[in-house]
1. May I ask you to list the residues in the range 182-201 that are open to solvent by less than 30 Å² (accessible area, probe 1.4 Å) and under 13 Å from Asp216 (Cα atoms)?
2. Six or more apart or on different chains, Cβ under 9 Å: which pairs go from a residue in the range 88-105 that's over 11 Å from Leu26 (Cβ atoms) to one that's at pLDDT below 80 and part of a strand (DSSP E or B)? Could you list them?
3. Any idea how many residues of the range 134-176 are among the basic types (Lys, Arg) and in a strand (DSSP E or B)?
4. Of all residues being outside any helix (DSSP H, G or I) and of a type outside the set (D, E, K, R) in the range 117-133, which is surrounded by the fewest Cβ atoms within 10 Å (Cβ to Cβ)? Just the residue, please.
5. Do you know which residues across the range 208-236 are under 25 Å from Gln60 (Cβ atoms) and at pLDDT below 85?
6. Cβ-Cβ under 9 Å, sequence separation 6+ or interchain: first residue in the range 134-160 and on the phi > 0 side of the Ramachandran plot, partner open to solvent by less than 70 Å² (accessible area, probe 1.4 Å) and among the β-branched types (Val, Ile, Thr). Which pairs?
7. Does the range 195-232 hold any residues that are more than 12 Å from the chain's Cα centre (by Cα), assigned to a loop (DSSP other than H, G, I, E, B) and on the phi < 0 side of the Ramachandran plot, and which are they?
8. For Leu163, indicate whether it is closer than 11 Å to Ile215 by Cα, over 22 Å from the mean Cα position of the chain (by Cα) and open to solvent by less than 30 Å² (accessible area, probe 1.4 Å).
Amino acid sequence: KVIGADAQTDLAVIQIHAPNLVALPLADSSKLRVGDFVVAVGDPFGLGQSATSGIVSGLQRQDLRRSGVQNYIQTDASINPGNSGGALVNLDGELVGINSMIYSPSGASAGLGFAIPTDLAAEVMKQLIAHGKVERGTLGVDAQDLNPRVAAALGIKASSGALITNVTPDSPAAKAGLKPGDLVTGVNGKPITDAQDLRNTQGLAPVGSTLVLAIDRGGKPLTIDAKLTAASTQANGASLDPPHP
């Protein structure tokens, strides 16, 4: 039985009525380090369940799909068609990720496999079980990555963060006092390194929750609280094409 699915993270929760099932323990994927050994389990090319080993090649890989909430684990453990949805486990047999996609010119493994980390998957799972869907909140901002040229032009000393480029009127960000040019460096005590980090944080936080934002505004540190509202899937026509008298 499908309990719920979420296209933005490419995850679903299904209920299976069967005896003697044993759940994999979930590891804290935030503790993974590049070089850690992992094993990918799946059904490559329909050959039957198999396991391949490798290491964690990279962490927090983003912008691999055109949109969505993403923060992939990169591994060189062989992942082929049929491994998607399978487990990526550490050497203690704990789930650290869910195999999702590969980069390959041939369609077969080229040593560039990607898995959804359990920290992200667990949050999505909780919402799917509770609501049957993921209810995403939004601050109502557009943001870009901070690069050295932009930082120099704005006089920002920080080397990473999400730079606010636009604030939607009447949005949670506008009501909280966020302004274009503000640099978000942290949310709820966790560092924000780029714009995708900020999108992920919004996308995983429950609607109605309050985000505590660490802001750099012109070199001055600020703390701003913003309460998330539901992300709209419809555009406001008047804002796109204001009526003419």
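1. Asp182, Leu183, Val184, Gly186, Val187, Ile192
2. none
3. 1
4. Gly132
5. Once the filter is applied, which keeps residues that are under 25 Å from Gln60 (Cβ atoms) and at pLDDT below 85, the range 208-236 yields Ser209, Leu228, Ala231.
6. Here the result reads Gly140/Val167; Gly140/Thr168; Gly140/Thr229, each pair linking the range 134-160 to a residue that is open to solvent by less than 70 Å² (accessible area, probe 1.4 Å) and among the β-branched types (Val, Ile, Thr).
7. Selection gives Val207, Ser209, Leu228, Ala231, Ser232.
8. No: the conditions fail for Leu163.
The values are calculated or read from the model by the stated rules, or taken from the named source; none is laboratory data. Here the structure is a predicted model, which is why all the values come from computation and not from measurement. Ideal geometry is used to build each Cβ from the backbone, glycine not excepted, and the neighbour counts take in all protein chains shown. Please note that ligands, DNA and RNA were not included when accessible areas were found on the heavy atoms of the full protein model with its side chains. Shrake-Rupley method; radii C 1.70, N 1.55, O 1.52, S 1.80 Å.
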